[in-house]
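The values are calculated or read from the model by the stated rules, or taken from the named source; none is laboratory data. Since the model is a prediction, treat every value here as computed from it, not as a measurement. In this analysis, Cβ positions are derived from the backbone assuming ideal geometry, glycine residues included, and neighbour counts consider all displayed protein chains.
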Amino acid sequence: MTFSAMLPRPARADDFTTIVAWPQDVIELRNLFPRARWPAELDALAAHLAEHSDGLVLADHRDQPVAYASFYNVQHSGRVWIGHLIIHPAWRRQGLGARLLREMEELAARQFSATEIATICFADNVGARVFYQRQGFRAEGWETRLDHREEPIRVLRLVRGLPVGKAACETAANQAK
């Protein structure tokens, strides 16, 4: 199955127990859930994802999620934050992250009239930083967060402007094709 055949849909409660099992090690878990402990407490993490009502998945032909991301700190007609972007391990490095990001950007523009989209990335998560920069994000600055041990960890804020108006929706729709 090609990723172009995968359909975006809102995340459902039954998706979350699947999604939280995707992190393969303590670093991946930390990148997805900064305050989580390893080994993961799957029920607690699934409940955390369920609190994000604006989650989106890309689903395969069996309607099983293979990619997930959610919005947080939504400001209508302003900045929308994307978090928890993760791809099922078997589907990584096939363009699904970029595809899901485009779907999230289109949704942010349409649903929240967003003018920009932002995320954070841990200092040591070089792969994610490169991914976001390839998608047109620019570094906005560093900040410090606390991890599950209450120890400080540096994160980079990344931002990308979104086209506004009807042209933006048409552009996003054409890019998704």
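Those strands (runs of 3 or more DSSP E) of region 53-169 in which at least 2 residues are surrounded by fewer than 20 Cβ atoms within 10 Å (Cβ to Cβ) and among the β-branched types (Val, Ile, Thr), considering only elements entirely within it, cover 152-161. Whenever a residue of region 146-162 is within 26 Å of residue 39 (Cα to Cα) and of a type in the set (Lys, Arg), its partners that are at pLDDT below 90 and surrounded by 11 or more Cβ atoms within 10 Å (Cβ to Cβ), lying with C-beta atoms within less than 9 angstrom and at least six residues away or across chains, give the pairs 149/37. Taking the conditions exactly as written (more than 25 Å from residue 106 (Cα to Cα), touching a helix residue (DSSP H, G or I) at 6+ places or on another chain (Cβ under 7 Å) and modelled with pLDDT under 90), does residue 50 satisfy them or not? Spelling it out, it is not the case that residue 50 is more than 25 Å from residue 106 (Cα to Cα), touching a helix residue (DSSP H, G or I) at 6+ places or on another chain (Cβ under 7 Å) and modelled with pLDDT under 90.
Identify, please: which residue in region 1-40 is within 19 Å of residue 55 (Cα to Cα) and aromatic (Phe, Trp, Tyr) and is, among those, modelled with the highest pLDDT? Looking at residues that are within 19 Å of residue 55 (Cα to Cα) and aromatic (Phe, Trp, Tyr), I get 22.
State all residues of region 15-35 that are among the hydrophobic types (A, V, I, L, M, F, W, C), surrounded by fewer than 20 Cβ atoms within 10 Å (Cβ to Cβ) and outside any helix (DSSP H, G or I); if no residue qualifies, say none. If the condition is that a residue be among the hydrophobic types (A, V, I, L, M, F, W, C), surrounded by fewer than 20 Cβ atoms within 10 Å (Cβ to Cβ) and outside any helix (DSSP H, G or I), then 21 is the only one that fits. When region 48-83 is filtered for residues that are in contact with a strand residue (DSSP E or B) (Cβ under 6 Å, 6 or more places away or on another chain) and in contact (Cβ under 8 Å) with a residue 60 or more places away in the chain, the ones remaining, listed by number, are 66, 67, 79.
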